[in-house]
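Let me begin by presenting the structure, written as structure tokens, before commenting on it.
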Amino acid sequence: MTAAEPKGVCIIIAAKNAADTIARAIASALAEPEASEIVVVDDGSSDNTAAVASAADDGTGRLVIVRFEANRGPSAARNHAISISQSPLLALLDADDFFLPGRLRQLLSEDGWDFIADNIAFIDAGRAASAVAAVEQFTPSPRLIDLAGFVDGNISRRGARRGEIGFLKPIMRRAFLDEHGLRYDETLRLGEDYNLYARALAKGARYKVIRSCGYAAVVRGNSLSGSHRTTDLKRLCEADRAMLAEARLGSAAEAALRRHERHVRDRYELRHFLDLKNQNGFRSAIGYALKRPSSLPAIVGGILADKSERFRRLRSPAPVALGGTGEIRYLLQE
């Protein structure tokens, strides 16, 4: 980025039933001098999220609040925010989370990118306020990630702490999105960030990552549990297939995308089997599996892994969230 380039950043906050946390998120965004707009989209909340957000206004005229009467999902909320904003740069902030001071300044000091993201500190909800001062100051060590590395970095592994790089919250150049007709896929309610970034990388986006930590993700007991609907897994799998069919990918990227599609499809097959068992009985679920023999390894392997995981938890109970000890975990460990 050159000194002559505009640096105004629109910070987009999609929120549903976030009255307890939205004020902190907004305050952290307003504290960034580079933030020219903060657009909050209340996505059909049943609580007073919009009112709490309005009360957090600092009077600078940068805060815009939009309310959807019915929930439309994070992709629709973010697309609407993009459509009504004017800033050349776009950044995401989840309503539970907050920026650490100076985040935008650090990111904007880097050049040669279309997307740029920094490290994430996962902070226990009960200790969020006091933990901020303990966040480590890492050397930026900037690097570019390619499509193959990005996709492989979004395949979770059983028994390992989740660290998918799809969690990263990049600043995005509006010009790149517009040039390539890119927006969030509104059919997705799982993996919508991953899907957008993957499609951008397939179009040649320069995605730079630095190890400096400017984003705090607040972890509750189930924040990283991976809870989702079965149909959400199916749609994410279909989105991978669409990329494979439409994009011209190199061999490494195509292989990585096929691995990710298989990973998501295996999760879908297991979840669909369990849904059938719960709704229609074991016989119905077995009938489904026998008609789709290719699904059997995912179903059997998933069931066995779930049972062994529960056994391990009984022998060695895992603490809730990050343990309530004030531990801070970082997404980028290396």
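Every number here is computed from the coordinates shown, using simple stated rules; none is lab data. Because the structure is predicted, anything quoted here is derived from the model rather than measured. Neighbour counts run over all protein chains shown; Cβ positions are idealised from the backbone, glycine included.
Convex hull volume per residue, computed on the Cα atoms of region 18-145, equals 130 Å³. The C-alpha atoms of the chain define a longest principal axis, and helix 282-291 lies at about 90 degrees to it. By the Kirkwood approach, averaging reciprocal distances over each pair of separate Cα atoms, the chain gets a hydrodynamic radius of 21.2 Å. Cβ under 9 Å from residue 144's Cβ, residue 144 left aside: what net charge do those residues give with Lys, Arg +1 and Asp, Glu -1? Residues close to residue 144 contribute a combined charge of +2. Please work out, to two decimal places, the log10 of the ratio I(q)/I(0) at q = 0.20, 0.24 Å⁻¹ from a Debye calculation in which every Cα of region 178-292 carries one identical scatterer. The computed values of log10 I(q)/I(0) come out as -1.18, -1.34.
Considering the chain as a Gaussian network with a 10 Å cut-off on Cα pairs, which listed residue, 191, 204, 250, attains the greatest mean-square fluctuation? With Cα springs under 10 Å in the chain, the top fluctuation among 191, 204, 250 is at 250. When you restrict to C-alpha pairs under 8 Å that are six or more residues apart and normalise by the size of region 230-315, the relative contact order lands at 26 percent. Note: relative contact order over the chain, using C-alpha pairs below 8 Å and six or more positions apart, is 20 percent.
About the centre of its Cα atoms, the chain shows a dipole size close to 1560 debye [charges on the beta carbon of Lys, Arg (+1) and Asp, Glu (-1) only; nearest 20 debye]. For the chain, the 222 nm mean residue ellipticity estimated from helices alone, with every DSSP H stretch of n ≥ 4 adding -39500 (n - 2.57) and the total spread over all residues, rounds to -12500 deg cm²/dmol.
For region 62-103, the Cα gyration tensor yields ellipsoid semi-axes of 20, 14, 10 Å (square root of five times each eigenvalue, largest first, whole Å). Cα-based radius of gyration for region 230-315, normalised by 2.2 N^0.38 Å, reads 1.28. Using the Karplus relation 6.51 cos²θ - 1.76 cosθ + 1.60 with θ = phi - 60°, the per-residue 3J(HN,Hα) values for region 35-48 come to 7, 8, 8, 10, 10, 9, 10, 7, 8, x, 5, 9, 9, 9 Hz, with x marking Gly and Pro. Cα centroids of region 264-286 and region 27-42: 43 Å apart. Between 0 and 90 degrees, the angle of helix 296-315 with respect to the longest Cα principal axis of the chain falls at about 70 degrees.
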